[in-house]
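The values are calculated or read from the model by the stated rules, or taken from the named source; none is laboratory data. The shown structure was predicted, so the numbers you read here are calculated from the model rather than taken from an experiment. Don't worry about glycine lacking a Cβ; one is built from the backbone with ideal geometry, like all the others, and counts go over all protein chains shown.
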Amino acid sequence: MRLMITGGLGFIGSAVVRLAVAKGHSVLNLDKQTYAANPANVASVASEGGYRFERGDICDRAQMVALLADFRPDAVMHLAAESHVDRSIDGPAEFIRTNIEGTFQLLEAVRAYLSGLEDDARASFRFHHISTDEVYGSLGPTGAFTETTPYAPRSPYAASKAASDHIVRAWGETYGLPVLITNCSNNYGPFHFPEKLIPKTILAGLAGQPIDVYGQGENVRDWLFVDDHAVALLGVVAKGRVGETYNIGGNAEARNIDIVRAICRQLDNRRPLRAPHERLIRFVADRPGHDFRYAIDATKIRQDLGWLPRVTLDEGLARTVDWYLENEAWWRPLLQRDGVRQRLGLGARA
């Protein structure tokens, strides 16, 4: 399969690129190379014959039209997005531009591309839009998001992704584009950019610095190991039914404070300090509108496509901590990038 993957230098996108190339697919990796992109994420496959990289902006329709015509993909897997909730609170404009306007421009480029394909190629083409469970809003202590849960986004990031989901569905219904949508829970694992909870905790603990936890750490997330997610995404683009949405979750709910304490215990075993790492934890002002709980019901993708997460939370956290301990040359330069070691998400930079 010939796959055009947008955002393939990011965390989830690069996992999909690595897996797709390993499975023998031809991959065009399109990435704007914003602050969170890293060519090192795909260094292991960059010299493979089936891999090609192009720097580009999904908001540039002319460039997208040209790349589609040149590469002639069988599917587009759309992962390019601004994705950090805290940054969306401080500066929502780029989230609106990239996640909404960019998705529109990419869809229009794909629509033009499809109009020039032969019937068989057009019938087999897929546009796979990768989204988030945050579009559904916040859960109470019980229940889980399903594919029919009403949308109720509560942050600028979630609202921009919800809008892009709706646009994709509308282009499927109105113009007959063969679209698929997936909504995933919180990803973690190797190559995770160090502004997110798990890598931030690991790196603060390694440095013996305060480990900040928002509020009292009671917020609950369903954690999905990124390599499991990549397997699911390639399964959806290959076997998913056109027009369908699939929720992808890790069946691994945990409070933020419990994730942080588990990482501290891992660090105690691997890089002990004079006192337990938990003594570095400090509770800080919460994020505005912080969603209390997310949980994914992944029954549909299990029943329809046979996918299940394989990596348990304990195993995934251990593998992630070990990867960061072994790959300082990857993460050390990223700490100098804009905003990485600053407290964001209080609206101060809007």
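Kindly indicate whether residue 259 is of a type in the set (A, V, I, L, M, F, W, C) and under 24 Å from residue 139 (Cα atoms).
Values: of a type in the set (A, V, I, L, M, F, W, C): yes; under 24 Å from residue 139 (Cα atoms): yes.
Yes, satisfied.
Of the set (1) of a type outside the set (D, E, K, R); (2) surrounded by fewer than 22 Cβ atoms within 10 Å (Cβ to Cβ); (3) farther than 21 Å from residue 129 by Cα, all apply to residue 53 but (3).
Among residues of the range 117-149 being among the aliphatic types (A, V, I, L, M) and not in a loop (DSSP other than H, G, I, E, B), the one that is farthest from residue 2 (Cα to Cα) is 135. Restricting the range 51-78 to residues that are in contact with a His (Cβ under 9 Å, 6 or more places away or on another chain) and either of a type in the set (A, V, I, L, M) or modelled with pLDDT under 95 (or both) leaves a set whose member that is nearest to residue 186 (Cα to Cα) is 77.
Within the range 198-216, track down each residue that is within 22 Å of the chain's Cα centre (by Cα) and either surrounded by fewer than 22 Cβ atoms within 10 Å (Cβ to Cβ) or assigned to a strand (DSSP E or B) (or both). Reasoning before the result, please.
Initial filter on the range 198-216 (within 22 Å of the chain's Cα centre (by Cα)): 198-203, 213-214.
Correct list: 200, 203, 213, 214.
All of 63, 105 fail the test of being of a type outside the set (A, V, I, L, M), free of Cβ contacts under 8 Å to residues at least 12 places away in the same chain and in contact with a helix residue (DSSP H, G or I) (Cβ under 9 Å, 6 or more places away or on another chain), apart from 63.
Residue by residue, here is whether (1) surrounded by 18 or more Cβ atoms within 10 Å (Cβ to Cβ); (2) closer than 30 Å to residue 76 by Cα; (3) aliphatic (A, V, I, L, M); (4) modelled with pLDDT of 95 or more holds:
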site	(1), (2), (3), (4)
261	yes, no, no, yes
287	yes, no, no, no
332	no, no, no, yes
342	no, no, no, no
346	no, no, yes, no
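Annotation: of all residues in the range 161-179 being β-branched (Val, Ile, Thr) and out of contact with any strand residue (DSSP E or B) (no Cβ under 8 Å at 6 or more places or on another chain), the one that is surrounded by the fewest Cβ atoms within 10 Å (Cβ to Cβ) is 174.
When residue 318 is tested against the conditions (1) under 28 Å from residue 37 (Cα atoms); (2) assigned to a loop (DSSP other than H, G, I, E, B), the lone failure is (2).
For every residue, the table says whether it meets (1) surrounded by 18 or more Cβ atoms within 10 Å (Cβ to Cβ); (2) out of contact with any Ser or Thr (no Cβ under 6 Å at 6 or more places or on another chain); (3) touching a residue at least 60 places away in the same chain (Cβ under 8 Å); (4) among the charged types (D, E, K, R).
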site	(1), (2), (3), (4)
87	yes, yes, yes, yes
110	yes, yes, yes, no
118	no, yes, no, yes
142	no, yes, no, no
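Given the condition closer than 14 Å to residue 202 by Cβ, surrounded by 12 or more Cβ atoms within 10 Å (Cβ to Cβ) and touching a residue at least 40 places away in the same chain (Cβ under 8 Å), answer yes or no: does some residue in the range 303-314 qualify?
Of all residues in the range 303-314, those closer than 14 Å to residue 202 by Cβ come to none.
Within the range 303-314, none of the residues are closer than 14 Å to residue 202 by Cβ, surrounded by 12 or more Cβ atoms within 10 Å (Cβ to Cβ) and touching a residue at least 40 places away in the same chain (Cβ under 8 Å).
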